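Following: one structure in structure tokens, then a few remarks.
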Amino acid sequence: RPLFRLAHEWVETSPKEARSWFAVAAYYYACERYHIAQRHFCRATRPDPHCVEAWIAFGASFAACDESDQALASFRAAQRLAPGNHTSLLYIGMEYLRTNHLVLAQHFLKAANESSGGTDPLVKSETGVLKLNQRKYSQAITWFLMALGGTKEWAPSMSRILASSVASSNRSSPGDLT
């Protein structure tokens, strides 16, 4: 409720500012009312068509409704506005991953990782999800461990420890599925 009141107060006092409409859209997105959120994210892009955050959130609201083409168009608009920003590349990669286009997802997640300097844990986590979908389990574990703050130096050894731990627990209780 506080976000609802704040957002609508901003719309009343500053109806020509992108942040006002973005706040209203964020409220509806948080309530999972994605179609209403889309209308307001669109309104946020009108007064400030260069608002990268609004374009990314607009795309996320389309993705939540399984409208992949519109989501990708919004993420690409954000990428055109801020070509050095890795966030739009990440969201494009996430959308391709969501729709099971793994080759394209890998391309964009790799570009996002390089653009971020390898510092964004969400990029690392999504790359871990990609590796899981590719059935590259040891690589997935490595990426997830790096997302949690590990370095490339210790991630492989932790991966081996986890893999051996899982293997030994599978041997000790073959009929137990819990």
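The values are calculated or read from the model by the stated rules, or taken from the named source; none is laboratory data. For clarity, every value in this text was computed on a predicted model and none was experimentally measured. FYI the Cβ positions are ideal-geometry reconstructions off the backbone, even for glycines, and counts take in every protein chain you see. Keep in mind that these areas ignore ligands, DNA and RNA; they rest on the heavy atoms of the full protein, side chains included. Shrake-Rupley method; radii C 1.70, N 1.55, O 1.52, S 1.80 Å.
Some points to look at:
- Loop-located GluC sites (Glu not before Pro) in region 80-133 (DSSP state other than H, G, I, E, B) with a sparse environment of at most 10 neighbouring Cβ atoms within 10 Å are absent.
- Backbone phi angles across region 81-97, fed through the Karplus curve with coefficients 6.51, -1.76 and 1.60 (θ = phi - 60°), yield HN-Hα couplings of 6, 9, x, x, 8, 7, 4, 5, 4, 4, 5, 5, x, 5, 5, 5, 5 Hz in residue order; Gly and Pro are listed as x.
- Hz values of 3J(HN,Hα) by residue in region 8-20 - Karplus curve (6.51, -1.76, 1.60), Gly and Pro given as x: 6, 5, 5, 4, 5, 8, 9, x, 9, 9, 4, 4, 5
- Toward the positive end of the charge dipole of region 9-87, with +1 on the Cβ of Lys and Arg and -1 on the Cβ of Asp and Glu, the farthest Cα among 45, 57, 31 is that of 45.
- Per DSSP, loop GluC sites (Glu not before Pro) in region 1-64 with at most 13 further Cβ within 10 Å: 32
- Percent accessible area from carbon and sulfur atoms, region 1-149, protein chains only, probe 1.4 Å: 55 percent
- Note on region 44-102: Kirkwood radius taken over Cα pairs, Stokes-Einstein applied at 4 °C and 1.567 mPa s, translational D equal to 117 µm² s⁻¹.
- Loop-resident sites, region 14-116, for chymotrypsin sites (Phe, Trp or Tyr not before Pro), counting at most 10 other Cβ within 10 Å (DSSP): none
- Pairs of Cα atoms nearer than 8 Å and 6+ residues apart set the relative contact order; for region 71-123 it is 32 percent.
- With DNA, RNA and ligands ignored, accessible area of residue 132 (1.4 Å probe; Å², nearest 10): 80 Å²
- Over region 20-120: Rg over Rh, Cα atoms, Kirkwood Rh: 0.98
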